[in-house]
Each structure stands twice: as C-alpha cells, then as structure tokens.
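Here, each number is a calculation from the coordinates, and none is a lab measurement. Source: prediction; values computed, not measured. Here Cβ is always computed from backbone atoms with ideal geometry, including for glycine, and neighbour counts include all displayed protein chains.
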Amino acid sequence: MPGTGASSPHDVIGALVAYLVGVLVVLVGVLASIALHEVGHMVPARRFGVRVSHYFVGFGPTVWSRTRGETEYGIKAIPLGGYVRLVGMYPTAAAMGDPQPRTAFGRIAAQARDLSAEEIRPGEDHRAFYRLSAPRKVVVMLGGPVMNLVIAVVLLGVVMVGFGSPVASTTLASVSQCVLPASAAASASCGTSDPLAPGAAAGLQPGDRITSYDGHEITSWEQLSGLIRTTGAREVQVVLERAGRQVTTTVSPVVAARPVYAADGSQQVAADGTKVTQSVGFLGVSPGTVIERQSLAQVPVITGTAVWQTMKAVATLPARVVDIAKAAVGSEPRDSTGFVGPVGIGRFAGEIASDQAPGYGFGERVASLLSLIASLNIALFVFNLIPLLPLDGGHVLGAVWEGARRQVARVRGLPRPGPFDTARLVPLAYGVFVLLAGLGGLLIYADIVHPITLG
C-alpha cells in the first residue's frame, strides 16, 4: 500500500545484489592488497639476490599454481592472507656453530633451521636470506608494510581529490530546542523545565545558511563555531539565507558548559574519569555536511592522522580484546569504534554498497568502499610493524639487533659477529600465531552474535 514504506521484491533483490557486490569489491581489494604486500617483499629480495621459491595468496589447499622461472605462483583456498617463501630465512646450524639443543624450545629452533637449510640448493648458500646485510634485511621485510601504506595513500588520494570528502558546512542541519547539560546522554530529549536554546528562540531553522555573524562574513563552519564560542552572553546580529531570501535576525547565545574535544574528535576525560568541559558561548545549532574535493597536500596529513589513530588503537589491543570477549559472551555493549574481523568488514562493505539514504549516490558509495580498503591497508601497515615474529616487525627487530651488534663490534675492534639466530624465536612465533588465530576467531564470533553496524 502507498505510504506504508514496504519494499517491493524488486527493491529487496536490488539491495541484496548491491550488498553482495560491495562484499565482493572489498574482498577483491583486500586480496589485491595482500598480493601487493607480498610483492613488496619479493621484489627487493630478488634484487638482492635471494631466491624466492613460492609466492601465494591465501592459505590452505592450493587452488591454482604455476611455476615461472624459479618461483611457484599460486592461489590457495582460504583468502585470509598470503606469503612469499624466501629461501634461507633462518641461519643454518653450521653458520651458528652447530648449537646442540638441550630444551624443547631448542629442538624447535633446530628443526626450523633444518627445514630452512633444506631449501638452499647446493652452491647457493650465498643466495639465502640470512646472508643479507642487516640494512638489506630491513628493506626486504619493510617492503610489504610500506606497500600497504602506499596503497592507502593512493586510495585516499583518489577519494579526497577525485571524489571529495565530507566537511562541515555553514548550512544548518539541526537546531536544538533546549539547552541540555553537558553530562546529558546523546539520546536525551528536551523536558519542560529545560531552557529554550538561543538558536530556536531566534527562529533559526534547519536549512538556513549563515552568511554573516556579528558583522563577520562567514566562510566556514569552523569560523562560525569559533565566533559563537567566544561571543559570550550578548546579543549579536545574524544574516542568513533561507529559501533564496536573505533574512536578518538577532541571537543571544548563552554561556554553557560544553565538552572539550581532542584533535582526533574524541571527548577529553580527566584523570578521575569525569568528562572535561569549559564554559563557552552556545547557540544550539549543528552543521550539515557537503562533499568537497581536497588538495593533494591534504592526503599525507589525513594518512598520517589515520596511521597515528590506528597505532593508538593497536597499543590498547589487550584491553580491547577483553571488552570484545565480554560483549561476545555477555550482554555488555560492543564498542562501535573497536576492532572487527573479516565478517564485520564484509558487513560494512555490504551496508555501504546497499545504502539508499538520500544524497548517498553511486559516487559516495564508491568513495566509501575505497576508503574502507584504504583503512584496511593502514591497519595491515601498522599491525605488521609489531616487533614480534611471525609479523614483519619481528624480522625487522632481529635485523636491527644484528646490525647493532656488528656496529658495536666494529667500533670496539672485535671480530664481526655472525647473523642473529632468528630460529631461536620460532617458539615465540608459534605462540604469537596461536594468539592471533584466537583473536581472529573471537572477532568472527563477536561479529556474528554481536555485530557492529554502520547504522
């Protein structure tokens, strides 16, 4: 029936197809990012003479493979990662002085050395990864994460310069009807005892575009917001555009306690856990958003901010894992800004592609999907730099330690130390792998039973 808001079967099928297309686009984007990550390792390794025996995208059973030259290229069934096998990743037992394993961990390290040595062809020990200098090892291991960062920069550049990004406009999206205390919940509504907000009292309406405030020509929301906050409790003149007409009115802001926000948009909290506020001029209006193309100069700024925010999130990973577990097995709310797994990422992609909100067209959906893939690449960049095996950062740390030992020996006139025995860290790598697998399983479960949605 007209006016009921019911969707036709055609609309439902269209939304489902769009949802699946969004999931497929992000899946292809992630697989391409993984493939390029491994290229970032493979190219410098080959350039330095290391033999690369395998290049695969995915894990598990092999779906397709082909050998070209001395490398086998292929795709595996589980699209959750990829790898390149660099021959001689661990120093041979002979290179380490034939250490005799005395503990279970030592036997695991010895087995890793033996398996690594088996891949080295006779007469090609000089092509083993462990034979590289420390700086070259760092270059090879950083090649993958840096490739992810480059992908993110390119995608964000396409989005910001080609499509644009949402910015606050001088057109009002909403006008508050009352002045609520700073401690009020986001869902709080106005009561009969709450004072009328100055904007509503002056007759401001959603859709009004503010062109002048207190004699200042308004060119941005940031400028207008700053003027309102510093006005104080005095009457000022406002000129606005409404339905093509210029309207002049006066407003009298009130001085109210408002939250203080950090540069990343989060609300500042004092040491005792209370929200930080300050007394500023308050009008009770909020801006709409417009899509504006940005300059190339903004791309590294936005990328740097995203990297920093991701680093801070990863630094709090242990505490966040506890919160995710509580939300997954209990009734506690899930943090909407927290980590998600493959299922959650797929859900985001589907919601973006199938969203039919007014003003959210094909271009906006494409830009959002590209931004999602860019954010995943930033996450891969940051996560792989964690200095633990089997992550790239663990190999980088080993190479840096090896180089530092050699530099100290050179300065002190001592014999050149041999390569750092990364095989001794293999037991730790197994433990980290188990933890990562457990985290992945927890995220998948939480995304199914207690998902985060884009709203």
Derived scalar couplings ³J(HN,Hα) [segment 414-422; Karplus, 6.51 cos²θ - 1.76 cosθ + 1.60; whole Hz; x for Gly, Pro]
8, x, 5, x, x, x, 5, 7, 5
Among the helices of the chain (complete DSSP H runs), which have Cα atoms covering no less than 20 Å along the helix axis and a Kyte-Doolittle mean of at least -1.0?
9-47, 104-118, 134-157, 298-315, 362-384, 392-412, 426-449
Could you give log10 I(q)/I(0) at q = 0.10, 0.20, 0.27 Å⁻¹ for segment 76-157, computed by the Debye formula over C-alpha point scatterers of equal weight, without solvent?
-0.38, -1.00, -1.23
Can you give me the C-alpha center-to-center distance between segment 192-222 and segment 76-142, rounded to a whole angstrom?
66
Beta carbons within 10 angstrom, averaged per residue: use that to sort the peptides 145-157, 62-74, highest first.
145-157, 62-74
About the Cα centre of the chain, what is the dipole size in debye to 20, counting +1 per Lys and Arg Cβ and -1 per Asp and Glu Cβ, all else neutral?
1740
Between CYS178 and residues 5 or more places away or on another chain, the pairs with built amide H atoms under 5 Å apart involve ALA197
Rg to Rh for the chain: what is it, with Cα atoms only and Rh by Kirkwood?
1.07
Considering the convex hull of the alpha carbon atoms of segment 126-213, report its projected area averaged over all viewing directions, in nm², one decimal.
12.5
Reduced Cα scattering model of segment 364-455, Debye log10 I(q)/I(0), q = 0.13, 0.19 Å⁻¹
-0.67, -1.00
Compute for segment 311-406: radius of gyration divided by Kirkwood radius, i.e. Rg/Rh, restricted to C-alpha atoms, rounded to two decimals.
1.12
Only helical DSSP H runs with n ≥ 4 go in: add -39500 (n - 2.57) per run for the chain, normalise by residue count and round the 222 nm mean residue ellipticity to 500 deg cm²/dmol.
-15500 deg cm²/dmol
Which cross-chain or sequence-distant (5 or more) residues have an amide H under 5 Å from the amide H of SER169, H modelled 1.01 Å from N in plane?
GLY288, THR289, VAL290
Of all trypsin sites (Lys or Arg not before Pro) in segment 210-242, the ones in DSSP coil with at most 15 other Cβ atoms within 10 Å are ARG234
